[in-house]
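Below you'll find the structure, written out as structure tokens, and then a few comments.
Since every read-out is calculated from the coordinates, none of them should be taken as a lab result. Quantities reported herein were computed from a predicted structural model and do not represent experimental measurements. Using ideal geometry, Cβ is built from the backbone for each residue, glycine included, and neighbour counts are taken over all protein chains shown.
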Amino acid sequence: MRALRLRRLALVGLLAGIVGWLVNWAATRGGYGTPALPLTSLATTALILGMTLFFGRKVLRWRNGRRDRALDPLLATRTLVLAQACAYAGALSSGWHAGILVDQLMLLPVRASTGPAWGSVALIAGGILLVVVGLVVENFCRLPPEDDGPGGPGTTEGEYA
């Protein structure tokens, strides 16, 4: 499995921001509401962050030497996939809501309320937290390289648990 690339995450966020801005622009000019997640979705985000950190901690403890029982390889793989999914979902969510925020900021002079703008800021922060936790837990799943001497197989980047 390939490691996450910050450039790819940034590209996902940028494309989601452009699409989010275009959709919000068309929706608000057409008389529809802002196509943003409700603030209650931050509770779901917190639950996902907690689960990811919980399973990531299990893998990290095993990696750091607490090997009183074997690590289930399926658990380690699922934890890695969950971490990467969190990072991509966070990039997508923060990009989408950043696009909405840009359009909402342009509408502030004609709006009486700043509610959608503050909601977008909160959802951007939640998306950034998803990306950070995804990257951290992905790093938890990386095995340290083995030292087999110069030129040996252990001199490359660590593999995943």
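Details
- Rounded to whole numbers, the Karplus 3J(HN,Hα) couplings from phi for the range 16-26 are 5, x, 5, 5, x, 5, 5, 5, 5, 4, 5 Hz, using 6.51 cos²θ - 1.76 cosθ + 1.60 with θ = phi - 60°, and x at Gly and Pro.
- In the set [x] 40, 17, 10; [y] 39, 21, 11; [z] 21, 19, 16, the label that goes with semi-axes √(5λ) of the Cα gyration tensor in Å computed for this structure is [x].
- Cβ crowding within 10 Å, taken as a proxy for footprinting-reagent exposure, orders Ser41, Ser94 from fewest neighbours to most as Ser41, Ser94.
- Between Ala125 and Thr44, residue separation times 0.36 nm minus the direct Cα-Cα distance comes to 27.8 nm.
- Remark on Tyr160: its backbone amide H falls under 5 Å from those of Leu143, a criterion applied only to residues 5 or more positions apart or on other chains, H modelled at 1.01 Å from N.
- Between Ala85 and Val132, residue separation times 0.36 nm minus the direct Cα-Cα distance comes to 15.7 nm.
- Mean Cα-pair separation over length for the chain, i.e. relative contact order, pairs under 8 Å, 6 or more apart, %: 33
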